[in-house]
1. Right, residue 173: modelled with pLDDT under 90, under 30 Å from residue 83 (Cβ atoms) and open to solvent by 70 Å² or more (accessible area, probe 1.4 Å) or not?
2. Select from the stretch 82-120 the residues that are surrounded by fewer than 16 Cβ atoms within 10 Å (Cβ to Cβ) and part of a helix (DSSP H, G or I) and list them in ascending order.
3. Looking at 18, 8, which one is open to solvent by 60 Å² or more (accessible area, probe 1.4 Å) and either touching a strand residue (DSSP E or B) at 6+ places or on another chain (Cβ under 8 Å) or over 18 Å from residue 113 (Cβ atoms) (or both)?
4. Has the stretch 150-161 got at least one residue that is assigned to a strand (DSSP E or B) and either open to solvent by less than 100 Å² (accessible area, probe 1.4 Å) or not basic (Lys, Arg) (or both)?
5. Collect the residues in the stretch 1-39 that are of a type in the set (Asp, Glu) and more than 19 Å from the chain's Cα centre (by Cα), keeping them in residue-number order.
6. Can you pull out the residues in the stretch 132-149 that are open to solvent by 70 Å² or more (accessible area, probe 1.4 Å), of a type in the set (A, V, I, L, M, F, W, C) and under 15 Å from residue 119 (Cβ atoms)?
7. Does the stretch 118-141 contain any residue that is of a type in the set (D, E, K, R), without any contact (Cβ under 8 Å) to a residue 60 or more places away in the chain and under 21 Å from residue 65 (Cα atoms)?
8. Scanning the stretch 51-81 for residues that are among the hydrophobic types (A, V, I, L, M, F, W, C) and either open to solvent by 40 Å² or more (accessible area, probe 1.4 Å) or without any contact (Cβ under 8 Å) to a residue 12 or more places away in the chain (or both), which turns out nearest to residue 14 (Cα to Cα)?
Amino acid sequence: MLKEILENVRAKTPLVHNITNYVTVNDCANILLACGASPIMADDLEEVEDITSICSGLNINIGTLNKMTISAMIAAGKKSNELNHPVVLDPVGAGASRLRADTAKKLLETVKFSVIRGNLSEIINYSYENLKEGGIIALNFIVLENTFEALECLKKSKFEDIDISQIIVAKNRKVKDFNMMMSENPIYVISARK
């Protein structure tokens, strides 16, 4: 699947608008270039709608916020939605300060995001703050380390009724005249209630 996605990006060479933090600007540009896309960085309110209009997608990262970039993020996000372009949100440190939490919430209320990415603790903390009482979070993992990290984050965030299941899938493999069922990597499914 990833191979097809990269081939699609390389065939279309999309221009991607980035409103990102100062630390990752170069990384974002280089990753997009390596994938076959073209990056453009613009965070001034006076131009974000124009830039978004000529792009195929928008990447918003709240790692370094100020009043001007927040307005620019909202304007670019709305314009991208109007054009039916994909929008990615990286709510860096969403729970670290009131400004970040309020900005993430406002963005989620005003912009339709195609993807919300982040580290595990950010996603779990944000989910806890925004789920209704009794709401359920469901997480899937294929490695134990992420499973254990998620369990710790869920406990710290005060989620309750934490449940974990392991699902194992086997696929048929032909061995001469026989059919052998070969196990795939197990998947861990965690659910918890606010």
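1. Taking the combined requirement at face value, the residue does not satisfy it.
2. Selection gives 82, 98, 99, 102, 105, 106, 109, 110, 120.
3. Going through 18, 8 in turn, the sole match is 8.
4. Yes, the conditions are met somewhere in the stretch 150-161.
5. Once the filter is applied, which keeps residues that are of a type in the set (Asp, Glu) and more than 19 Å from the chain's Cα centre (by Cα), the stretch 1-39 yields 4, 7.
6. 148, the sole residue that qualifies.
7. The answer is yes, given that some residue of the stretch 118-141 is of a type in the set (D, E, K, R), without any contact (Cβ under 8 Å) to a residue 60 or more places away in the chain and under 21 Å from residue 65 (Cα atoms).
8. Selected residue: 54.
The values are calculated or read from the model by the stated rules, or taken from the named source; none is laboratory data. Model, not experiment: these values are computed from the prediction. Cβ sites come from the backbone with ideal geometry, for glycine too, and all protein chains shown count toward neighbours. Heads up: the accessible areas ignore ligands, DNA and RNA and are worked out on the full protein's heavy atoms, side chains in. Shrake-Rupley method; radii C 1.70, N 1.55, O 1.52, S 1.80 Å.
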